[in-house]
Structure formats: C-alpha cells, structure tokens
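Working notes, structure below.
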Amino acid sequence: MIIGDRAILPGCPNVEHVPLERPRVTGKLDPANSRYVLRLIDRAVQGCLAGEFGAMVTAPVQKSVINDAGIAFTGHTEYLAERAGAEHVVMMLVGGGLRVALATTHLPLAAVPASISEKKLLLTLRVLDRDLKRWFKIGKPRILVAGLNPHSGEGGHLGAEDAEIIAPAIQKAIALGIAASGPIPADTLFVPERLKGADCVLAMYHDQGLPVLKYASFGRGVNVTLGLPFVRTSVDHGTALDIAGTGKADPGSLIEAVRLAIELAPSAR
C-alpha cells in the first residue's frame, strides 16, 4: 500500500490518498507541506501498530523544511520511536555484506562524547541482540563494538571514554549473554578478517561507521530501525533535490528497502 497524494503518484496502484496542503513544485521545498509529510508517517505507524500493515518502508525526508515549518524534527528514527512508544531505538544500515548500527545518530560531532553513556550503550546492545534474533533470525548475534577515540583511547592518553564507559557496557552485555566484543579501534575494525566473525558492527557515531558501509553498498544500502514493535526499513540516502524531476534518481536503495521489509515482515514467514 502506498500512502500519499494521488496527484503525485499517477499510475500507482493501491494508493491511500492523503492530500497535500498545497500543490507541489518539483524540487522546491515548501514548509506548508511539512505537516503532510508527518501525516503520512503517522498513518503508517497507526497501520503497523494495528497489524494492518506487515512493515513500513519510508522514502527520504527533508528534515530542514520540517524544522523551517516550526516543527522540531531530527529524523524518521527519533520520530518513529516517539510515535510507537519505543523505549530505545537503534539505527542500523544493511548493505555490501555489512550490518552497521549506531550508538548515536544525528548529532554534531562535538556532542557525541557526552551522549555516550554506559546505560545507553547497554540498552543499544540489548536491542541489537534481541532484534537480530527476532527479525534477522540470527541465533546468537556476534557484535563488534567500535571505540570512540583513536586506538580506543590509547590506554587513556587519547580519551577516557573507551575504558570508563564503553568497556564496562560491553562487560555488562556479556554478563547478560550477549556476544559483544570491544572496544575495537575503528581504523582496524572493518578489516575483512575481523568482519568474518561478526554479524553486526556498533559504531559510536554517524560518520564513524556509515562511510564504510556506503562505500561498500551506496545506492543499494538499507536503513533498518531496530527497537520498534514493527519492521521499518528506509533508503540510505537523502532527497537529492538537485535532480528532482530529471528522471536521473536511482531507485535501487528503495527497491532494496522494500525487498528487505518483505523478507523481515512477520507475515512473510
């Protein structure tokens, strides 16, 4: 089922009509339509929670125009967590033979260290372990955890977070039966020999883990939100306003997101 304004989806079957607030102009942002975007997401959440839909697939969203409309919005992941009443969600990208999850998501780099806590990391590891079992059917997920600082802190000389926050969280996870290991310096974590023995990598921040995955799979990667009570997948890219209406957009990531949602959806098994 496609949810959206039928006028911008000609020829698409199974469209549930939600009207735009104002007629769109291709490639032009209009804050007047920001609430339309959120209504689409809200309808999809409602359908998933009610069991009407087996999974949710989202296209890219332009965060800036929603904020320009006076609506605080940091991204799909955080918005879905609030709407679904999820205790803790985790962004994970899948592609190129990799699964890379993030301990923090859309934050300025300067805000990352203060946002990493032992409690949050343990919650993240628990969600990863549970949902890799639940949705991906991995019996005992093996999770490699990246360090925050160069050389995982170099014994405290390059930062204390690795020894004082990340390592204790990993030890508590291991005590709960989670197969986590680390903190591993990020510059040697993504080597093929190490990845052979892993089902997922947990990176500490957005641009620590995602450049590697996007190098391996750009245009075919899929964003998966773990921790929700339903399956949600999305594309691994933004809105590409500069090529809107030109016919040059590559649908590959959206196609892969639909395929993975079908594969993971409970009704598909």
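Annotations
- Subset of the stretch 98-114 (residues that are in contact with a Leu (Cβ under 8 Å, 6 or more places away or on another chain) and either within 25 Å of Leu195 (Cβ to Cβ) or without any contact (Cβ under 8 Å) to a residue 12 or more places away in the chain (or both)): Leu98, Arg99, Val100, Ala101, Leu102, Ala103, Val112
- Residue check for Gly245: modelled with pLDDT under 90, surrounded by fewer than 23 Cβ atoms within 10 Å (Cβ to Cβ) and more than 28 Å from Leu123 (Cβ to Cβ): yes
- Residue check for Ile174: surrounded by 14 or more Cβ atoms within 10 Å (Cβ to Cβ) and either farther than 28 Å from Cys48 by Cα or out of contact with any Ser or Thr (no Cβ under 8 Å at 6 or more places or on another chain) (or both): no
- Arg6 being more than 30 Å from Ile170 (Cβ to Cβ) and either open to solvent by 70 Å² or more (accessible area, probe 1.4 Å) or in contact with a Pro (Cβ under 9 Å, 6 or more places away or on another chain) (or both): yes
- Scanning the stretch 205-239 for residues that are assigned to a loop (DSSP other than H, G, I, E, B) and either under 16 Å from Ala103 (Cβ atoms) or without any contact (Cβ under 8 Å) to a residue 12 or more places away in the chain (or both) yields Tyr205, Gly227.
- Those residues of the stretch 123-143 which are in a helix (DSSP H, G or I), surrounded by 20 or more Cβ atoms within 10 Å (Cβ to Cβ) and free of Cβ contacts under 8 Å to residues at least 60 places away in the same chain, in sequence order: Asp129
- If the condition is being outside any loop (DSSP other than H, G, I, E, B) and free of Cβ contacts under 8 Å to residues at least 60 places away in the same chain, then the stretch 46-65 contributes Gln46, Gly47, Lys63, Ser64, Val65.
- Within the option set Ala103, Ala146, Ala167, Ala186, being buried (at least 16 other Cβ atoms within 10 Å of the Cβ), touching a strand residue (DSSP E or B) at 6+ places or on another chain (Cβ under 8 Å) and under 29 Å from Ala265 (Cβ atoms) holds for one residue only, Ala103.
- Residue match in the stretch 223-234 (condition: closer than 30 Å to Ala50 by Cβ, in contact with an Asp or Glu (Cβ under 6 Å, 6 or more places away or on another chain) and either open to solvent by less than 30 Å² (accessible area, probe 1.4 Å) or among the small types (Gly, Ala, Ser) (or both)): yes
The values are calculated or read from the model by the stated rules, or taken from the named source; none is laboratory data. Every value quoted in this text rests on a predicted model; they were computed, and no experiment measured them. Quick reminder, even Gly has a Cβ in these numbers, built from the backbone with ideal geometry, and neighbours come from all protein chains shown. Just so you know, the surface numbers come from the protein's heavy atoms only, side chains and all, with ligands and any DNA or RNA stripped out. Shrake-Rupley method; radii C 1.70, N 1.55, O 1.52, S 1.80 Å.
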